[in-house]
1. I'm trying to understand the selection: among the residues of the stretch 61-89, which are touching a Gly at 6+ places or on another chain (Cβ under 9 Å) and charged (D, E, K, R)?
2. Looking for something at pLDDT below 90 and touching a Leu at 6+ places or on another chain (Cβ under 9 Å) - is there at least one such residue anywhere in the stretch 95-111?
3. Inspect all residues belonging to the stretch 126-148 and state whether any of them is under 23 Å from ILE4 (Cα atoms) and in contact with a Lys or Arg (Cβ under 6 Å, 6 or more places away or on another chain).
4. Working only within the stretch 53-93, note down all residues that are of a type outside the set (Val, Ile, Thr), part of a strand (DSSP E or B) and within 14 Å of THR111 (Cα to Cα).
5. Given the criterion more than 21 Å from ALA2 (Cα to Cα) and within 13 Å of the chain's Cα centre (by Cα), identify the matching residue among ILE119, ILE82.
6. Quick one: would you say LEU35 is touching a Ser or Thr at 6+ places or on another chain (Cβ under 6 Å), at negative phi and either crowded, with 19+ Cβ neighbours inside 10 Å or at pLDDT 80 or above (or both)?
7. Quick one: is ARG125 surrounded by 13 or more Cβ atoms within 10 Å (Cβ to Cβ), in a helix (DSSP H, G or I) and over 16 Å from the mean Cα position of the chain (by Cα)?
8. Checking the condition of a type in the set (A, V, I, L, M, F, W, C), closer than 16 Å to ILE4 by Cα and either touching a helix residue (DSSP H, G or I) at 6+ places or on another chain (Cβ under 7 Å) or modelled with pLDDT under 90 (or both), which residue from VAL157, VAL151 passes?
Amino acid sequence: MAEIARGMMRLMPRLKSTMGEDDEFTAAREKLYALHAGGKPEGGDFGLFLNLGEALTAADEPMTMGDLSRTLCVPLSTATRIVDLLVKSESVMRLNDPDDRRVVRVALTGTGKAMYRAIDSALQRRVERMLRPFTPDERETLITLLRKLVVSLEESV
């Protein structure tokens, strides 16, 4: 179910919608801010960071800026600005490509990995809490339908 929530969050910027926050999510955000010596990190859009963290975590190796741009469905210039902000907050780092010195790769730092895990964990707890009223059969039906919804939105947006 968390994969569906992550999929829906990935689509949110394209749909121009936002999710409301509850006390648990607000507390998780404050914990994330505490990871940074300067308080609130620049580029503090945690939905976007979750998408970037998921992409970088799923990749077998640090991603090129072009691959990151395509994965996030944003122009290369936007991906570069996002990475610039996250480099300043020490959440990601740029690496030279060992095979081509013209290529720049991006990877999560230790702080970035901790932030990604914290956001993902808070999201997973939130989804589990939302599903408590459902029976196991109802959950399976909902998961199936939401997967179809995410696929449909990806194809139409």
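1. Correct list: ARG81, ASP84, LYS88.
2. Checking the stretch 95-111: at least one residue is at pLDDT below 90 and touching a Leu at 6+ places or on another chain (Cβ under 9 Å).
3. Let us first name the residues in the stretch 126-148 that are under 23 Å from ILE4 (Cα atoms), namely 126-148.
After this cut, where a residue has to be in contact with a Lys or Arg (Cβ under 6 Å, 6 or more places away or on another chain) as well, the list is 131.
Yes.
4. At the first step, the residues of the stretch 53-93 found to be of a type outside the set (Val, Ile, Thr) are 53-56, 58-63, 65-70, 72-73, 75-77, 79, 81, 84-86, 88-91, 93.
Add one more test, that the residue is part of a strand (DSSP E or B), and what stays is 63, 93.
Result: MET93, single match.
5. Numbers: ILE119 fails: more than 21 Å from ALA2 (Cα to Cα).
That would be ILE82, the only listed residue that is more than 21 Å from ALA2 (Cα to Cα) and within 13 Å of the chain's Cα centre (by Cα).
6. Working: touching a Ser or Thr at 6+ places or on another chain (Cβ under 6 Å): yes; at negative phi: yes; either crowded, with 19+ Cβ neighbours inside 10 Å or at pLDDT 80 or above (or both): no.
No; evaluated as a whole, the condition is false for this residue.
7. Details: surrounded by 13 or more Cβ atoms within 10 Å (Cβ to Cβ): yes; in a helix (DSSP H, G or I): yes; over 16 Å from the mean Cα position of the chain (by Cα): no.
Answer is no for this residue.
8. That would be VAL151, the only listed residue that is of a type in the set (A, V, I, L, M, F, W, C), closer than 16 Å to ILE4 by Cα and either touching a helix residue (DSSP H, G or I) at 6+ places or on another chain (Cβ under 7 Å) or modelled with pLDDT under 90 (or both).
The values are calculated or read from the model by the stated rules, or taken from the named source; none is laboratory data. It should be emphasised that the depicted structure is a prediction, and the values quoted were computed from it without experimental measurement. With ideal geometry, Cβ positions are generated from the backbone for all residues, glycine too; neighbour counts draw on all protein chains shown.
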